[in-house]
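Data first, discussion second: the structure below is written as structure tokens.
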Amino acid sequence: MSEVPQPVRLHPPAADSTQDSRHRTAPGRHHPEPYPSTTRRSHILTSALAARTEAVFFDLDGTLADTAADLVAPVQAMRSERGLAPLPFDRLRCRASMGARGLLGTGLGVDETMPGFPALRDEFLQRYEAAMHVHTRLFPGMAEVLDTLEAASIRWGVVSNKIERFVRPILDALGLLERAACVIGGDTTAFAKPHPEPLLHGARVTGSTATACIYVGDDERDIRAGRAAGMTTVAVAWGFHPDDSPPEQWGADALIGEPHELLALLRTPIAAGGRSRPG
């Protein structure tokens, strides 16, 4: 088996024992085993990206926005109606990136092979569609990142495995739908991640060269899709990934612990008001 390449890590965050368990995977999540020194490699990576980046694409759930509370709520309601006690939030949160399949598997103990799964999935999706953006918010610092990318004339878009009819209203509620250069859902093309086609389609829509794009995600399938598309891949430490799938092992080109660290990779600093400094 080939060794998984170690990503560049920017500014490993310090541990915070006071952090509430509901937000332990938010920006600033601590990883107890920091990477070895990668100063030279980081300099090479940032120099190359600064020279050629045309577009940055983000996964939605767990990367761009914290959608977990709205994804968990339907499962808890379904449990309640069946006389079951609510599960701890964190137990379901780490399955949020897996959508209905992961949440129903953990929440109700069913999988796609069971006869009752399609009806439960439809019930979940109906409940979710009725209240998709009650608690959903951008992760702290992400609004400034988007502002800065736009000020630097770097296009950005969303490539998600969530079906497109869900992605668009969520982005609209966040005030981002008209700003995004592309909005790609799991059903926009004939394939979903980890297939590279959704990302390649995003590059085509934005008029970008795939090798001059960055894909940012919080799941191993995001990194696999990005690498297959020939894009630079950035894994985030604040996403919904379970503890048995650490992002250090996904083979990403970089791992960041805070949204602003993406700008460090691009050498695009934040100035007052979230805009890049001139020059």
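What follows draws every value from the coordinates through simple rules; no lab data is involved. Everything numeric here is computed off the predicted structure, so don't read it as measured data. Because the Cβ atoms are built from the backbone with ideal geometry, glycine has one as well, and the counts that use them run over all protein chains shown.
Observations on the model:
- Within-11-Å neighbourhood charge of Trp156 [Cβ basis; K, R +1; D, E -1]: -1
- The GluC sites (Glu not before Pro) of the range 80-189 that DSSP puts in a loop, and whose beta carbon has at most 16 other beta carbons within 10 Å, are Glu112, Glu178.
- Charge tally in the Cβ shell below 10 Å around Thr232, where Lys, Arg are +1 and Asp, Glu are -1, Thr232 excluded: +1
- Per-residue Cβ neighbour counts within 10 Å put Ser160, Ser153 in the sequence Ser153, Ser160, beginning with the fewest.
- Near Thr136: Cβ cut-off under 12 Å, other residues only, Lys/Arg at +1 and Asp/Glu at -1. The net charge is -2.
- Under the combined filter of DSSP loop state and at most 15 neighbouring Cβ atoms within 10 Å, the range 154-200 retains these trypsin sites (Lys or Arg not before Pro): Arg179.
- Distance between the pseudo-spin-label points of Arg179 and Ser153 (7 Å out from Cα toward the beta carbon): 2.0 nm.
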